[in-house]
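See below for the structure under consideration.
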Amino acid sequence: MGFNIILRNAEISDLKILENWDEQPHVLASDPDDEWNWKEELLRHPEWREQLIAELDGVPIGVIQIIDAAEEDSHYWGDVPSGIKAIDIWIGDVNNLGKGYGTIMMIEAIERCFKDEKTNSILIDPLASNKKAHRFYERFGFTFVSEQRFNEDDCFVYQLTRQDWEQYKKQKN
C-alpha cells in the first residue's frame with residue numbers, strides 16, 4: 001500500500017472536522033454513546049494521551065487516540081497495571097472506508113505504542129456487534145479477552161501483546 005499517510009497531533013483547528021465526523025452514520029454505528037467533548041479535549045494535553053489526526057496527502061481522513069490505560073483520568077479501563085496502552089481509531093468520511101487507509105493508520109498506531117519500551121500490550125474495545133471491526137483487529141494479532149460493558153455499550157475487549165505484534169510482523173515479511 002503506497003499511501004502517504006502521516007499522523008500529526010490533533011489541534012483545536014480540527015474541531016469542526018472532528019465534530020462532523022462524529023455525526024457520520026458509520027462512526028455513530030461503531031461508537032453510538034461516546035461524547036468526545038472535542039472543544040475541551042483538544043485544548044488538554046495530558047501526558048497519558050495522544051490525539052492524532054491521520055492525513056492522506058495533507059488531507060485529514062481519520063483520528064486516533066492512544067492512551068495509557070493505567071494513567072488516564074477517567075479510569076475507563078478500570079484498575080489495570082502499567083505498560084498497557086489503548087487505541088481508539090476511526091476514519092471520518094465513509095468514502096475513505098475500504099481503501100486500506102485504516103490498515104496503515106492501525107499499523108502506525110501500534111508501532112507508536114510499542115516504541116515505548118514500557119508498553120507490553122495494547123487494548124481495544126469494539127462493540128460486541130461489530131463483527132467487521134473484530135476481523136480487522138484480529139488480522140493484526142489482537143486476541144479476544146472478554147466481553148465487557150462500557151457505559152451503555154456491550155463491547156469485546158481485545159489485546160495485542162508485544163510478542164504477538166512481533167510475530168505478526170515476521171509473518172508479513
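Checking W38, W90 one by one, the residue that is under 16 Å from I124 (Cα atoms) and open to solvent by less than 70 Å² (accessible area, probe 1.4 Å) is W90 and no other.
Can you pull out every residue in the stretch 115-126 that is open to solvent by less than 20 Å² (accessible area, probe 1.4 Å) and of a type outside the set (S, T, N, Q)?
I122, L123, I124, P126
Going residue by residue through the stretch 30-39, is there one that turns out to be assigned to a helix (DSSP H, G or I) and either within 14 Å of I89 (Cβ to Cβ) or within 15 Å of the chain's Cα centre (by Cα) (or both)? So far as the stretch 30-39 goes, yes, one or more of its residues are assigned to a helix (DSSP H, G or I) and either within 14 Å of I89 (Cβ to Cβ) or within 15 Å of the chain's Cα centre (by Cα) (or both).
Screening K115, K99 for residues that are farther than 21 Å from L28 by Cβ and either among the charged types (D, E, K, R) or modelled with pLDDT of 95 or more (or both) leaves exactly one candidate, K115. Per the conditions (1) touching a residue at least 40 places away in the same chain (Cβ under 8 Å); (2) over 17 Å from Q65 (Cβ atoms); (3) surrounded by 20 or more Cβ atoms within 10 Å (Cβ to Cβ); (4) not β-branched (V, I, T), the sole criterion not satisfied by F156 is (1). The set of residues in the stretch 133-153 being surrounded by 12 or more Cβ atoms within 10 Å (Cβ to Cβ), charged (D, E, K, R) and free of Cβ contacts under 8 Å to residues at least 24 places away in the same chain consists of E138 alone.
Looking across the stretch 51-75 at every residue that is open to solvent by 60 Å² or more (accessible area, probe 1.4 Å) and within 20 Å of G92 (Cβ to Cβ), the one that is modelled with the highest pLDDT is identified as V59. Could you tell me whether D73 is out of contact with any Leu (no Cβ under 9 Å at 6 or more places or on another chain) and in a loop (DSSP other than H, G, I, E, B)? The answer is yes for D73. Based on this model, can you work out whether I104 counts as farther than 18 Å from D125 by Cβ and either outside any loop (DSSP other than H, G, I, E, B) or not small (G, A, S) (or both)? Answer is yes for this residue.
The values are calculated or read from the model by the stated rules, or taken from the named source; none is laboratory data. Computed from a prediction, not measured in an experiment: that's the story for all the values here. Note that each Cβ is placed from the backbone with ideal geometry, even for glycine, and that neighbours are counted across all protein chains shown. Side chains included, ligands, DNA and RNA excluded: accessible areas come from the protein's heavy atoms. Shrake-Rupley method; radii C 1.70, N 1.55, O 1.52, S 1.80 Å.
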